[in-house]
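Colleague: What follows is a structure written as structure tokens; I'll ask about it next.
The values are calculated or read from the model by the stated rules, or taken from the named source; none is laboratory data. As the structure is a computational prediction, the values presented were derived from the model and not from experiment. Positions of Cβ are generated from backbone atoms using ideal geometry, with glycine treated the same way; all protein chains shown enter the neighbour counts. The area values use the complete protein model at the heavy-atom level, side chains included, leaving out ligands, DNA and RNA. Shrake-Rupley method; radii C 1.70, N 1.55, O 1.52, S 1.80 Å.
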Amino acid sequence: MLFFLLLVTSLVASTTFAGNFYNDFDITWGGPRAKILNGGQLLTLSLDRASGSGFQSKKEYLFGRIDMQLKLVAGDSSGTVTAYYLSSQGATHDEIDFEFLGNVSGQPYILHTNVFAQGKGGREQQFYLWFDPTRNFHTYSIVWNPQRIIFLVDNIPIREFNNAEKLGVPYPKSQPMRIYSSLWNADDWATRGGLVKTDWTKAPFTAYYRNFNANACTSATSCSSTTKNDLRDDAWRTQELDAWSRRRLRWVQKNYMIYNYCSDLKRFAQGVPPECRPSRVH
């Protein structure tokens with residue numbers, strides 16, 4: 001199984017994407033610490049003692065598939081967080097998160113995921129990865145449609161969050177969201193609960209981005225129809241996990257998941273959230 005996953009990883013890494021960072025994103029903070037290079041094909045974010053940096057998409061999206069290739073901060077990344085997520089704005093915002101929590105040299109990153117709907121989050125799942133995310137670029141994807149949200153790493157599903165509105169659980173479905181990413185210092189909590197601090201002698205810390213692709217509806221585009229000129233693959237509109245994908249999901253969650261809010265009985269002593277019923281995969 002691991003051999004197959006590594007084979008899929010190598011194939012996905014060679015996929016060609018069409019995005020250009022000059023056209024698709026704005027640098028929003030950090031000044032010269034954020035750079036667009038190679039004619040818009042590469043973006044880098046850096047963190048030093050004075051500041052981190054970040055960017056956001058020019059467009060908002062309402063459902064779709066978002067892909068980005070990242071290569072994370074190498075070496076001692078303790079205390080740093082590289083965040084890559086979709087979000088709307090305001091107190092009742094929606095949000096779909098990838099956050100990469102740094103660690104000391106030789107220790108694995110923690111991939112933190114979360115889903116917010118109408119301002120309410122608390123749906124965390126955390127994973128180790130089956131590769132070193134600092135050595136090469138890997139593709140991190142979000143599939144978001146009215147039925148479910150699927151988190152993928154190199155096209156391998158690691159998490160599925162189903163629409164459970166019939167159980168009274170809010171679901172992100174009406175607020176267009178921008179893509180955001182940032183690299184920042186969070187040494188009060190990011191590594192071993194804040195016990196390990198950022199080693200500023202290793203600064204600047206740098207993360208790398210390439211091959212962005214958004215196959216998605218924008219806030220100005222109706223998701224209910226496809227124009228004659230829209231030749232994009234729209235499989236994401238109804239995408240779900242087939243039997244093979246579900247086996248891969250179970251493999252990742254069995255071997256690499258280190259936290260699941262649905263299993264945290266200390267946190268939910270009065271009963272887990274309704275979407276955490278055993279028949280559901282989140």
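Colleague: Report Rg(Cα)/(2.2 N^0.38 Å) for region 22-168, keeping two decimals.
Modeller: 1.08
Colleague: While we're on this one: Of the labelled options (i) 58, 42, 34; (ii) 52, 51, 44; (iii) 52, 45, 37, which one gives Cα extents along the principal axes in Å as computed for this structure?
Modeller: (ii)
Colleague: To the nearest 0.05, how large is the calculated FRET efficiency for K120 and N255 if R₀ is 41 Å and r is the Cβ-Cβ distance? Don't skip to the answer; put the middle values down first.
Modeller: On the way: r = 30 Å, r/R0 = 0.73.
Rounded to the nearest 0.05, the efficiency is 0.85.
Colleague: Right, another one. Please report the net charge: other residues with Cβ closer than 12 Å to the Cβ of Y208, K and R +1, D and E -1.
Modeller: Working: positive: K35, K71, R135, R210; negative: none.
Residues near Y208 contribute +4 overall.
Colleague: Report the paramagnetic label zone for Q239: residues of region 34-75 whose backbone N is under 15 Å from a point 7 Å from Cα along the Cα-to-Cβ axis.
Modeller: 62-69
Colleague: Could you give the nm distance between label points at F131 and R246, where each point is 7 Å from its Cα heading toward the beta carbon?
Modeller: Taking the simple label geometry, F131 and R246 are separated by 2.7 nm.
Colleague: May I ask you to give the solvent-accessible area per residue for the chain, in square angstrom, as obtained with a 1.4 angstrom probe?
Modeller: Numbers: 13070 Å² over 282 residues.
I get 46 Å² per residue for the chain.
Colleague: Given H placed 1.01 Å from N in the peptide plane, which residues other than close sequence neighbours of Y259 have an amide H under 5 Å from its amide H?
Modeller: The list, which skips near neighbours in sequence, is Q126.
Colleague: Using only the C-alpha atoms of region 30-69, find the volume of their convex hull and express it per residue in Å³. Can you show the working numbers first?
Modeller: Details: hull volume 4.2 nm³, N = 40.
About 104 Å³ per residue, rounded to a whole number.
Colleague: How many percent of the accessible area of region 50-138 is carbon or sulfur, using a 1.4 Å probe?
Modeller: Details: 1260 of 2830 Å².
Its accessible area is 44 percent carbon and sulfur atoms.
Colleague: At 0.36 nm per residue, minus the direct Cα-Cα distance, what do D199 and A91 gain on full extension? Give it in nm, one decimal, please. Intermediate values should be presented prior to the final figure.
Modeller: Numbers: separation 108, 0.36 × 108 = 38.88 nm, distance 3.42 nm.
Net length gain for the segment: 35.5 nm.
Colleague: What does the charge count around A74 come to, taking other residues whose C-beta lies under 14 Å from its C-beta (Lys +1, Arg +1, Asp -1, Glu -1)? Let's see the in-between values first.
Modeller: Numbers: positive: K71, R135, K202; negative: D76, D132, D199.
Net charge around A74: 0.
Colleague: With the crude spin-label approximation of a point 7 Å out along Cα→Cβ, what separation in nm comes out for S174 versus L37?
Modeller: Taking the simple label geometry, S174 and L37 are separated by 4.4 nm.
Colleague: Also, quick follow-up: Going 7 Å from the Cα of T218 in the Cα-to-Cβ direction, what parts of region 36-78 have a backbone nitrogen less than 20 Å from that spot?
Modeller: Correct set: 40-41, 55-68.
Colleague: Please give the solvent-accessible surface of W200 in Å², to the nearest 10, using a probe radius of 1.4 Å with every protein chain present.
Modeller: Roll a 1.4 Å probe over it and W200 shows about 50 Å².
Colleague: Less than 10 Å Cβ to Cβ from S57, Lys/Arg counted +1 and Asp/Glu -1: what total charge do the surrounding residues give? Working shown, then result.
Modeller: On the way: positive: K58, K59, R178; negative: D24, D26, E60.
With Lys, Arg at +1 and Asp, Glu at -1, the net is 0.
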